[in-house]
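Report on the structure given below.
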Amino acid sequence: NNKFSFKNLYSVNTDTRFTDRTGTKRVEDEPTITSSTNRFFSKNNIYTGQLIGEHFLPESKIKINWVGSYSNVKRDIPSERRNTYEYIQYLDGTQSTPTANFLVGVVGKDSPGSIFTSSNTEYIFSSKVDVSKKFNFSDNFSADIKVGGITQSRNRKFEARQLGYIPFNGRVGGVNYGSATLSSTIPTLPNATIFNASNMGILSTSPKVSGLTLYEGTKGSDYYDAEANLDAGYLMIDNVFKKLRVVWGVRLENYSQHLNSKSIVGDPVVVDDSQLDLLPSVNFIYKLTKNQNLRLSGSKTLNRPEFRELAPFLFFDNETRFNTSGTPTLKITEILNADLRYEFFPGNGQLFSVSAFYKDFKNPIENQALANNLNQYKNAD
């Protein structure tokens, strides 16, 4: 009458990619060609553990099930490296020397010598309990009543750094160093040697020649911490009356979400939302014959924005070359669902069905395409 389970899963997976891309940047009589490389490595660690209890009380015929769980997710991109060269394709079939165009104070997706690192850690605690009992009022009428509740807490911390190499700049020893004093040979060096230590800092004071330096381009929006808490309870009744079965109930959910970050210019970005929702559901199943059913169901469900969809962090995907950012003002999507289905069971393990469904979305969350290769999560009309 009592059963206990302890389940654990630990998963480690990595992703290693190298991308070499060449394409036309500007189409002219003598087009400008861009050649870029990207070295990407990510590591994902996922742990989840569950303690489960199942109990049956013989005298009252009551079933009790409960689960307590803990999960930890960690995703690291320790050092994504990008480098970009440009050259001109002349009409006579020759080309100019590939050159990395370093700019003072500019790092990012298309800048040569770009470095991106990030760390994302999340903890999830949850517990739930279900209690059910079946009542037989007659041979043709019964009710299986189930009540339960769940509580869940999620906490996440995300931080990224944007680094890159730029011309060494500043006033040293009464001399102004910058793009004008950058060695003319360094931007034409290949990937293998362009970022050697010998190409950093001041290379010569007479003549005045400088190299590269590492620049911090991290913005306030490259960090956020967030938490979400859910408390819910439900009542479900499963009625059987001759050929008709009705499964109906309601779920009450209290949800709160908090996020702290900054905008690109450093202004505080705070999300502090909470919402109480009543979510009804009903499912009618009519047994036409021994092997045919007719189903009709309706429900209200939700789609809540994820932390990533709320955070103002701007993520660049090298494969698609899209920037994607979140929107702190996203609203929860409310969905009304209706479904009509005919089912026919010709034999064991066989099913033939015809369905029609209807859904109505209020404030659906979509990843919308904007100008300049920018995507942003928004509530659609």
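Just a few scattered comments:
- Calculated over the stretch 1-73: convex hull of Cα atoms, volume per residue (Å³): 121 Å³
- Reported label for calculated Cα extents along the principal axes in Å given [x] 103, 45, 37; [y] 61, 59, 45; [z] 102, 52, 44: [x]
- Stokes-Einstein D (µm²/s) once Rh is taken as the Kirkwood radius of the stretch 302-376 over alpha-carbon pairs, at 10 °C in 1.306 mPa s: 101 µm²/s
- From most to least packed by mean Cβ count within 10 Å, the peptides 209-216, 272-279, 116-123, 179-186 give 209-216, 116-123, 179-186, 272-279.
- DSSP-defined beta bridges in the chain - what % are antiparallel, rounded to 5: 100 percent
- Ligands, DNA and RNA aside, R154 has an accessible area near 40 Å² when probed at 1.4 Å.
- Å² of accessible area per residue within the stretch 1-158, as computed with a 1.4 Å probe and no ligands counted: 59 Å²
- If you sort W66, W248 by accessible surface, 1.4 Å probe, largest first, the order is W248, W66.
- Accessible surface, per residue, of the stretch 337-381 when the full set of protein chains is kept, probe 1.4 Å, Å²: 74 Å²
- Cα centroid separation - the stretch 265-279 against the stretch 113-175, whole Å: 15 Å
- From its DSSP helices (H runs of at least four residues, each -39,500 (n - 2.57)), the chain gives a residue-normalised ellipticity at 222 nm of 0 deg cm²/dmol.
- Accessible surface of the chain [probe 1.4 Å, protein heavy atoms]: carbon and sulfur percent: 55 percent
- The stretch 142-220 gives an Rg/Rh value of 1.60, both radii derived from C-alpha positions and Rh following Kirkwood.
The values are calculated or read from the model by the stated rules, or taken from the named source; none is laboratory data. Here the structure is a predicted model, which is why all the values come from computation and not from measurement. Methodologically, a virtual Cβ is constructed for each residue, glycine included, from the backbone with ideal geometry; neighbour enumeration extends over all protein chains shown. Quick note on the areas: whole protein, heavy atoms, side chains included, nothing else; ligands and nucleic acids left out. Shrake-Rupley method; radii C 1.70, N 1.55, O 1.52, S 1.80 Å.
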